[in-house]
Amino acid sequence: MTPSTGTTTRSQHWWSSRSDRQQVKWALIFLSPWIIGFLVFTLGPMVWSLYLSFTEYDPFRGNPQFIGAENYENLMADPRARLALSNTIYFTIFNVPGTVIIGLFLAIMLNRVGRAAGLFRTIFYLPNVTPAVAIGALFFLLLQGQGLINSTLRAIGINNPPFWLTDPEWVKPGVIIMALWTTGATVIILFAALKNVPADMYEAARIDGANAWAQFRNITVPFISGPLFFVIVINVIASLQIFAEVWAMFQGRPSAGPSAQRASLMYVPYLFQKGFQDFQMGYASAMAWILFVIVLTITLVQLWLSKRWVYYEGQ
Amino acid sequence: MAAPQRIERSVNVPGIGTSSRVLAPTGNVRRSVSRIAFIAVLVLFTIVFIYPLIWLLMASLKTGPEVFNNEILPNPIAWENYPNLLAVAPNFGQWFINSVLVSGLAAVSVTLSSALVAFGFAYFRFPYRNAIFGIVLATMMLPGAVTMIPNFIIWKELGFYNSTVPLWAGNLFASAFYVFMLRQFFLGLPRELFEAAKMDGSSYLRMWRSIALPLTMPALVVVFVFELKASWTDLLRPLMFLRDVDLFTLPRGLLAIIASSSITGESHFELLMAAAVITTLPMVVLFFLGQRYFVEGIATTGSKG
């Protein structure tokens, strides 16, 4: 443990003074990667993209040309942007409750399994380590006319299962099925939260004659309301930004055909098309800022609503 | 007053735990029926979650016409799909190497830089510390799309368009999420440890390297494993930055295979599945090796977020 004499004298020479200034200097040194990263890759780009959203800009052609609010006006009138936004909201409205309800259901099951819970938890999480493009490739086959999902549906008596990959009515439900397969992270968070609910609470409720639903409603939900809220917020944010899975199945696969590509067009994939295929980076920046405002608004509303139902211990 | 209460609780809890497991003499039948229903539902969900992955593996070993034959096991086993994949996608080996290098560099750089920053927030006292940390937390809320285009232009201007550098080099500047997580762990270390080292004349960097890092190894592994997975599975950045097929990572290459008419157009789905297996398998192996860390990472983000 004793440092060599050389180091000691040098160190003493450097930092034997315990002044606040030294602390600040070293704090700055330790924080420097984040400070540089924040200025160069976050704050600077935020300001820059806000500026770009008022310009017309193709980085392979020339410099940004200021055009005022034209991008935003065009965006409001763009039927594809409206379509992409409504598809994304459709997806989010079904995917988030689905993920949270299935996740909570599985977490409650895991909590009752006992010692084998680890094994099932592993299985439920495996889809989450599968790369999104591989999930897209896999469900591209599972959702085919003769694929696993439709053969299962036929086996249980549904004779005319939908064409998930081509019928515009059924493309989004197919995407939701794919997304629901990756519920594992939600399960793990809620399962960890459930383990903190004191067992004697349930015992007391049973003695008072509370049934399973009343126990769930009055004990489980309040006790895990913090993690539950967290899970809802992150699932909403992630759903609004879905990209790779749908891209692999539709927009990135030319043979998907225009009607399925339109029915599955989500917001970030459309933004990507505008920015990196059409190189309309001013327009794409305006789209990004609208997305930011949407995400921020929804999160703040959720935060405000959470005050009515989220219970934090020690408050 | 507090002490007896605590004793009472600690005696009570295990008692309840065992009593609820023992079957009561009354309602025996009802209980075993509900137990069977419980197991049935659990098994059903287990199949729903694991079967697509088994199907994926098996489809990659079937001959083309048999991919959709609804039999679990391939017969015969078409091992040749894997060498055949290389014939259709000759760069596949290169993609694998690119993925290994990119995700390795991404994970190492984000772990070290985030640990440095997290230690800075945990150990030093400086003005506006909490406000600055608040900014760190706030950046986690920012959708990636907002900074995506300027970031693209920055890397392009630096001469890294069509290069794998932008896929990992941004990680040298720490990531808010990991800073947040590691800071919690550094705050948990007793401060006396560092005071003693300071008495011995240790520098701050040395305290960080030889005290803080070794003692938070499990948390560092969580960060490393998480980022390895995040980087390995990323599609957006490879799609933005890479033009040459030689530079592709596995997800970008897999997308090229999905898009290529010579595979999906001629229904060589077994080759597509073989490519998906190779893209997925390293993550499954990583997950089984680092399971503890995955679970810990997800659980801590949930309970502390």
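A few points about this structure:
- For the segment A:181-194, counting C-beta atoms of other chains within 10 Å of every residue's C-beta and taking the mean gives 4.
- Partner aspartates and glutamates whose Cα lies under 20 Å from the Cα of A:Lys307, excluding those fewer than 8 positions away in the same chain, are not found.
- Order of A:Val96, A:Val295, A:Val113, B:Val223 - criterion: other Cβ atoms within 10 Å of each residue's Cβ, fewest first: A:Val113, A:Val295, A:Val96, B:Val223
- Neighbouring Cβ atoms from other chains, within 10 Å of the Cβ of residues in A:216-225, number 0 on average.
- Cα-projected label distance for B:Leu189 with B:Phe288, points at 7 Å along beta-carbon direction, nm: 3.4
- Net charge in the neighbourhood of A:Phe250 (other residues with Cβ under 12 Å of its Cβ; Lys, Arg +1, Asp, Glu -1) is +2.
- For the segment B:116-126, counting C-beta atoms of other chains within 10 Å of every residue's C-beta and taking the mean gives 6.
- With N as its number of residues, the protein assembly as shown has a Cα radius of gyration that, divided by 2.2 N^0.38 Å, comes to 1.05.
- Relative contact order of chain B, pairs being alpha-carbon contacts under 8 Å that are 6 or more residues apart, as %: 27
- Fewest-first ranking of A:Ile93, B:Ile72, A:Ile224, using other Cβ atoms within 10 Å as the exposure measure: B:Ile72, A:Ile93, A:Ile224
- Chain A pair-distance distribution - Cα-Cα, 10 Å bins, rounded %: 5, 18, 23, 22, 16, 11, 4, 1, 0
- Kirkwood Rh, Cα atoms: Rg over Rh of the stretch A:260-301: 1.07
- Kyte-Doolittle mean at least -1.0, axial Cα span of 30 Å or more - DSSP H helices of chain A: A:79-113, A:281-309
- Taking trypsin sites (Lys or Arg not before Pro) as exposed when their DSSP state is a loop state and no more than 11 other Cβ atoms lie within 10 Å, the longest site-free interval of chain A runs over A:62-315.
- For B:Gly104, net neighbour charge (Lys/Arg +1, Asp/Glu -1) across residues whose Cβ lies under 14 Å away: -1
- Span-rule helices in chain B, defined as complete DSSP H runs reaching 15 Å or more along the axis (Cα) with Kyte mean at least 0.0: B:28-59, B:92-123, B:129-139, B:144-157, B:176-187, B:217-233, B:269-289
- Dimensions in Å of the stretch A:208-261 - Rg and Dmax from alpha carbons: 20.0, 62
- Loop-exposed trypsin sites (Lys or Arg not before Pro) per DSSP, neighbour cap 14 Cβ within 10 angstrom, longest uninterrupted part of chain B: B:1-124
- Under 15 Å, Cβ to Cβ, from A:Gly282 - net charge with Lys/Arg +1 and Asp/Glu -1: -4
- log10 of Debye I(q)/I(0), alpha-carbon scatterers only, for the stretch A:20-71 at 0.18, 0.28, 0.30 Å⁻¹: -0.67, -0.99, -1.02
- Each residue, A:Ser259 and B:Gln94, gets one label point 7 Å from its Cα in the Cβ direction; the gap between the two is 4.0 nm.
- Backbone N atoms of the stretch B:42-72 closer than 16 Å to the 7 Å Cα→Cβ label point of A:Ala116 belong to residues B:42-50.
- For chymotrypsin sites (Phe, Trp or Tyr not before Pro), the sites in the stretch B:138-241 that DSSP calls loop and that have at most 16 other Cβ atoms within 10 Å are B:Phe160.
- Across chain B, the convex hull enclosing all Cα atoms gives 231 Å³ per residue.
- Over chain B: helical MRE at 222 nm, DSSP H runs n ≥ 4 each giving -39500 (n - 2.57), nearest 500: -22500 deg cm²/dmol
- Computed over the stretch B:91-259, the P(r) curve from all C-alpha pair distances, binned at 10 Å from the origin, holds 10, 32, 30, 18, 8, 1, 0 percent per bin.
Quick note: the coordinates plus some simple rules give every number you see, no bench work behind them. Worth saying up front: this structure is predicted, and the values here are computed from it rather than measured. Note that we place each Cβ from the backbone using ideal geometry, even for glycine, and neighbour counts take in every protein chain shown.
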